């Protein structure tokens, strides 16, 4: 059965480090944003703090929600392990932009060129929750998709990544949805 507590345990931290995919949800009174995340993009800084490397993409809803004092939930699930486990982290976020002095330090934790990222998020955990996950299937990890990384490197090489990031700082509004 699940339990709820205030900070990550050593077992939780080891579990997070082994995961190839996790889910990031955020909301600030707007629609709930939920995205699967991959790549080498998360670090445990301590028992109540995570560092997330945010690449440029189609939206920036997590940043919008953080700026509006919204809530963050990060979910890790044991897809590969025989032992079933779901780990939910409830947090508040802080944005660290490329220009921030801390950004270079954070980029070094991932061994990545600072110019290839959009921003970092610091997640301050205020509650941890585990549950059994027995209904989730065991799956096999094959490989990392390289499409986003290749696209980012290409945009950077052409000198277009910074402009793309600026253009997508604010996510699209529900008021002006495209008709398809």
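The values are calculated or read from the model by the stated rules, or taken from the named source; none is laboratory data. Note that the structure is a prediction, hence the values are computed from the model and not measured. Note: ideal-geometry Cβ built from the backbone for every residue, glycine included; neighbour counts use all protein chains shown.
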Can you give me the number of residues within the stretch 80-92 that are over 17 Å from residue 67 (Cα atoms) and in contact with a strand residue (DSSP E or B) (Cβ under 7 Å, 6 or more places away or on another chain)?
-> 5
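Based on what the data block shows, is residue 95 crowded, with 18+ Cβ neighbours inside 10 Å, modelled with pLDDT of 90 or more and either in contact with a strand residue (DSSP E or B) (Cβ under 6 Å, 6 or more places away or on another chain) or not in a strand (DSSP E or B) (or both)?
Criteria not met by residue 95.
A quick yes/no check of all residues on (1) assigned to a loop (DSSP other than H, G, I, E, B); (2) under 17 Å from residue 165 (Cβ atoms):
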{"site": "99", "(1), (2)": "yes, yes"}
{"site": "105", "(1), (2)": "no, no"}
{"site": "112", "(1), (2)": "yes, yes"}
{"site": "126", "(1), (2)": "no, no"}
{"site": "135", "(1), (2)": "yes, no"}
{"site": "138", "(1), (2)": "yes, no"}
{"site": "143", "(1), (2)": "yes, no"}
{"site": "149", "(1), (2)": "no, yes"}
Would you confirm whether any residue within the stretch 173-180 is in contact (Cβ under 8 Å) with a residue 40 or more places away in the chain and touching a helix residue (DSSP H, G or I) at 6+ places or on another chain (Cβ under 7 Å)?
-> no
Restricting attention to the stretch 101-130, and to residues there that are surrounded by fewer than 16 Cβ atoms within 10 Å (Cβ to Cβ) and in contact with a strand residue (DSSP E or B) (Cβ under 8 Å, 6 or more places away or on another chain), which single residue is nearest to residue 169 (Cα to Cα)?
-> 102
On the given criteria, is residue 23 in a strand (DSSP E or B), surrounded by fewer than 18 Cβ atoms within 10 Å (Cβ to Cβ) and either touching a strand residue (DSSP E or B) at 6+ places or on another chain (Cβ under 7 Å) or free of Cβ contacts under 8 Å to residues at least 12 places away in the same chain (or both)?
-> yes
